[in-house]
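The values are calculated or read from the model by the stated rules, or taken from the named source; none is laboratory data. Note that this is a predicted model, so its numbers are computed, not measured. Virtual Cβ from ideal backbone geometry, glycine too; neighbours counted across all protein chains shown.
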Amino acid sequence: MNNKDFIAELAKASNLTAKEASEMSEGIVQILAEQLCNDSDVNIQSFGSFEVKKKNERVVVSPITRQRMLVPPKLTLSFKPNAAIKDKFK
């Protein structure tokens, strides 16, 4: 499902116009991004939780050259689905 399909489904499910559904979708994504950038977790009760995790720096070895390289620390986005959603996939 791409963004256009998602907006069409959202508009149909909520009885909104496509433009209103698009604005709602953009607003939700913007709020999620702002909260995650401020180092706060986002928990949507019937869906799951998003959190930013810090990965420490590590040393990796290239299999071809056998050269050791240092990978710097970075932040990654993690999603943990709700138990109800996990059950739907089983």
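Go through the range 1-49 and report how many residues are touching a Phe, Trp or Tyr at 6+ places or on another chain (Cβ under 8 Å) and part of a loop (DSSP other than H, G, I, E, B).
Total satisfying the criteria: 1.
Within the range 36-59, restricting attention to residues that are within 12 Å of the chain's Cα centre (by Cα) and among the polar types (S, T, N, Q), which residue is nearest to Pro72 (Cα to Cα)?
Ser49
Select from the range 23-53 the residues that are without any contact (Cβ under 8 Å) to a residue 24 or more places away in the chain and among the charged types (D, E, K, R) and list them in ascending order.
Glu23, Glu26, Glu34, Asp39, Asp41
Among the residues in the range 54-68, are any free of Cβ contacts under 8 Å to residues at least 40 places away in the same chain, under 16 Å from Leu32 (Cβ atoms) and either of a type outside the set (Asp, Glu) or outside the structural domain of Ile28 (by TED's automatic domain parsing) (or both)? Explain how you work it out, then say what you get.
Step one: list which residues in the range 54-68 are free of Cβ contacts under 8 Å to residues at least 40 places away in the same chain, which gives 54-68.
Retained after the next criterion (residues that are under 16 Å from Leu32 (Cβ atoms)): none.
No.
In the range 69-88, which residues are in a helix (DSSP H, G or I) and either assigned by TED's automatic domain parsing to the domain that holds Ala33 or in contact with a strand residue (DSSP E or B) (Cβ under 8 Å, 6 or more places away or on another chain) (or both)? Break it down stepwise before answering.
Here is the first cut: in the range 69-88, the ones in a helix (DSSP H, G or I) are 83-88.
Matches in the range 69-88: Ile85 only.
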